[in-house]
Amino acid sequence: MDVDLSVELGVGTPRPLLLRNPVLSAAGTFGYGVEYARLLPLDRIGAVVTKSTTLRPRAGAPMPRWVETPSGMLNAIGINNPGIDRVRRTYAPKWKGLGAPVILSVAGETVEEYIEVALRVEEAENVSALELNISCPNVHEGGMWFGTDPHQAAGVTSAVRAVTSLPLIVKLTPNVADISGVARAVEDAGADAVSLVNTLTGMVIDTASRRPVLGNRTGGLSGPAIRPVAVRMVWEVAQSVDVPVIGLGGITRADDALQFIMAGASAVQVGSSGFGRPSTIVEVADGLGAWCAEKGVSSLADVRGCVLPSGSRCS
């Protein structure tokens, strides 16, 4: 049977984005896409979300930057990247032949930096959407993360919305008391979609040296260990906003992605599982199509949000 896996983001914007399927890479786990184009058929996934890019080059956090944990990993990369100008020169021209649309993840330490990066992206070629990484410290506000405060999250979203015609996705941190409140704030400020969750803050201590393992002391926990938390947060946010929700956190197979979709997600992102098995993202995309065909489901829209209070019973 014919199965429709397509997803549209940024409906109503000057440059809406139609994805062939709902499976995207997660920022920070897939480079700038060109690195994986030699390994994977990227024309079988929905989109590439790049690593987060800042106004100026960043060296990143001190070593060591990652450590394995039960059912996951803890990392503190520190958003090392070559800066937006080099990304435009080096990578953007190559995205035309990548096989999948590119969503550029952007980050900054001030609202002004987010604005400037967005302006430069507006002039770049082959960028289909922006994802705002707001899990960053606002240096003007004493280091408080943009994403932990609804007012700050809305402020940076509104500022970027004012200078870009691209679909705007805002990536939410789980390290908050009320993620739905932040989601509503960025929706009201002009976000076309929200993605969640970013990593959970954690720490691993080497008991022999009596020191934290990571050079940054704390890091972000990702992998299957966080998936139940992420699914619950997607379920909550999907009841609170009208814009599409993109779910991520611990997806290793199609069944994991289906949990997010049944919780209300329109799309999903595959992240750290690709470090051990790069083909994971393609397998998840293919697996969703196979599941739909096996179950006689013509579109994932038929089961999206079926466990929400307003949804129909999954069969």
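No lab work stands behind these numbers, since they all come straight from the coordinates. Since the model is a prediction, treat every value here as computed from it, not as a measurement. We place every Cβ from the backbone using ideal geometry, glycine too, and count neighbours over all the protein chains shown.
Worth pointing out:
- Under a Gaussian network description of the chain, with springs only between Cα atoms under 10 Å, the residue in Ile251, Ile134, Ile205 that fluctuates furthest is Ile205.
- 18 Å Cα-Cα reach of Lys96 towards aspartates and glutamates, excluding residues that sit fewer than 8 places from it in its own chain: Glu35, Asp43, Asp85, Glu122, Glu123, Glu125
- Applying a length cut-off of 18 Å (Cα extent along the axis) and a mean Kyte-Doolittle floor of 0.0 to the DSSP H helices of the chain leaves 280-295.
- Taking 7 Å steps out from each Cα toward its Cβ at Ser209 and Val11 produces label points 5.2 nm apart.
- Only one residue of Leu40, Val237, Trp291 has its Cα farthest out toward the positive end of the dipole of the chain, where Lys and Arg carry +1 and Asp and Glu -1 on Cβ, and that residue is Leu40.
- P(r) weight above 25 Å for the chain, C-alpha pairs, percent: 46
- Euclidean distance of C-alpha centroids, the stretch 104-174 and the stretch 208-260, integer Å: 20
- In this simple spin-label approximation, Asp2 and Glu125 carry label points 7 Å from Cα along the Cα→Cβ vector, and these lie 3.4 nm apart.
- Choice from Ser298, Ser165, Ser180 with maximal GNM fluctuation in the chain (Cα, 10 Å cutoff): Ser298
- Estimated FRET transfer efficiency (Ser298, Val229; beta-carbon r; R0 35 Å; 0.05): 0.65
- Maximal additional length on extending the Phe275-Met144 stretch stands at 44.1 nm, based on 0.36 nm per residue less the C-alpha distance.
- The slack in the chain from Arg217 to Asp255, taken as 0.36 nm per residue of separation less the alpha-carbon distance, amounts to 10.3 nm.
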